[in-house]
Amino acid sequence: MWRGFWLLLMLASTGVTAAQKIRYCDYPVYPPISWSDGKQVRGLAPSVVKKLFGQLGYEVEIVELDNWNRCVLDAVEGLVDVVLAYRTAEREQDLVFSTVPVLREEVAVFINRRHPVKIDHLEDLAHYRGGFLFGESYGETFDRFVDQHQNIERVSDSQQNFGKLIRGRIDFVVSERRTGQMRVDTLPGTQDIVALAESFGVDYLRAAVSRRSPLARRMADIDAQLQHMVDSGEVERLLHESEVTYRDMLAQPADRP
């Protein structure tokens, strides 16, 4: 007890204070952006968040949920401070987005070559059954199209989506190109799954801060630090490290120590 008391006095006398803790929410099913090794959340997103806010003097607590929509809702309600997400008009009512993006991402459509479809334009998707994840958004144009046609089956895991595509239960899967290709490269039975060359949209992953969080007053600092991380190549380095680590994890025996 006395040891802890004297430690507090020493910290106070030297002007050193404990880092303020913030909460970051992730739904880790998007390798190499975010994924779980069964023990912790890994990938580009949590790495960027920890480094970004660590440089600003915060300790980051990672909250892992089983649904992306719940992460966004928790940020809206102020139960968590930050998520990484695409910016939409609806989300901007409750979240403040960094002007500096973490990553540019392409919306890609994956199909099964054994079940040919003719998809050249966004409107062509209306003729087929597709797969999304719960809570996903791919920009206002794409989201509006999906809402109008109601031809999308939503699941909670992208591995489940690609499994349905392999078995021919759906005709296409919409995914961020990098994440979707990682699934195709690492899941069994995907030899006939390919991404269409045409991109169906481009969006940017950004730091999204709850308007109820004290972090909302520090957006200028957040943008400045993010810009430094992008310009220095740190974000690109973290992305490469995540890709290598994920592939290495899958290549190791399941019973490794």
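The values are calculated or read from the model by the stated rules, or taken from the named source; none is laboratory data. Please read all numbers here as calculations on a predicted model, not as lab measurements. Here Cβ is always computed from backbone atoms with ideal geometry, including for glycine, and neighbour counts include all displayed protein chains.
Points worth noting:
- Scope the range 116-138; condition surrounded by 15 or more Cβ atoms within 10 Å (Cβ to Cβ) and over 28 Å from residue 72 (Cβ atoms); matching residues: 117, 119
- The single condition among (1) small (Gly, Ala, Ser); (2) within 20 Å of residue 133 (Cα to Cα); (3) assigned by TED's automatic domain parsing to the domain that holds residue 146 that residue 197 does not satisfy is (2).
- Residues satisfying the stated conditions in the range 83-128, i.e. of a type in the set (Val, Ile, Thr) and out of contact with any Ser or Thr (no Cβ under 7 Å at 6 or more places or on another chain): 83, 96, 99, 100, 102, 109, 111, 117, 119
- Unmet requirement for residue 242, which otherwise passes all of (1) assigned to a helix (DSSP H, G or I); (2) out of contact with any Leu (no Cβ under 6 Å at 6 or more places or on another chain); (3) assigned by TED's automatic domain parsing to the domain that holds residue 45: (2)
- The residues listed here are 227, 191; of these, the one that is at pLDDT 95 or above, over 25 Å from residue 22 (Cα atoms) and out of contact with any helix residue (DSSP H, G or I) (no Cβ under 6 Å at 6 or more places or on another chain) is 191.
- Being in a helix (DSSP H, G or I), assigned by TED's automatic domain parsing to the domain that holds residue 209 and not hydrophobic (A, V, I, L, M, F, W, C) is a condition met by no residue of the range 76-89.
- Subset of the range 134-163 [assigned to a helix (DSSP H, G or I) and either touching a residue at least 60 places away in the same chain (Cβ under 8 Å) or in the same structural domain as residue 27 (by TED's automatic domain parsing) (or both)]: 141, 158, 159
- Selected residue (only one of 29, 60, 83, 107 is modelled with pLDDT of 95 or more, out of contact with any Cys (no Cβ under 7 Å at 6 or more places or on another chain), buried (at least 16 other Cβ atoms within 10 Å of the Cβ) and among the aliphatic types (A, V, I, L, M)): 60
- Residue within the range 204-226 that is under 20 Å from the mean Cα position of the chain (by Cα) and either surrounded by fewer than 14 Cβ atoms within 10 Å (Cβ to Cβ) or without any contact (Cβ under 8 Å) to a residue 24 or more places away in the chain (or both) present: no
- Residue in the range 169-177 that is out of contact with any strand residue (DSSP E or B) (no Cβ under 9 Å at 6 or more places or on another chain), assigned to a loop (DSSP other than H, G, I, E, B), of a type outside the set (Asp, Glu) and surrounded by fewer than 15 Cβ atoms within 10 Å (Cβ to Cβ) present: no
- Residues (outside any loop (DSSP other than H, G, I, E, B) and surrounded by 24 or more Cβ atoms within 10 Å (Cβ to Cβ)) located in the range 35-45: 44, 45
- Condition met for residue 173 (in the same structural domain as residue 34 (by TED's automatic domain parsing), aliphatic (A, V, I, L, M), touching a residue at least 40 places away in the same chain (Cβ under 8 Å) and touching a Leu at 6+ places or on another chain (Cβ under 7 Å)): no
Let's see how each residue does on (1) touching a Lys or Arg at 6+ places or on another chain (Cβ under 6 Å); (2) small (Gly, Ala, Ser); (3) farther than 15 Å from residue 102 by Cβ:
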| position | (1), (2), (3) |
| --- | --- |
| 186 | no, no, yes |
| 214 | no, no, yes |
| 218 | no, no, yes |
| 231 | no, no, no |
| 251 | no, yes, yes |
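- Filter result for residue 247 (over 30 Å from residue 187 (Cβ atoms) and out of contact with any Phe, Trp or Tyr (no Cβ under 9 Å at 6 or more places or on another chain)): no
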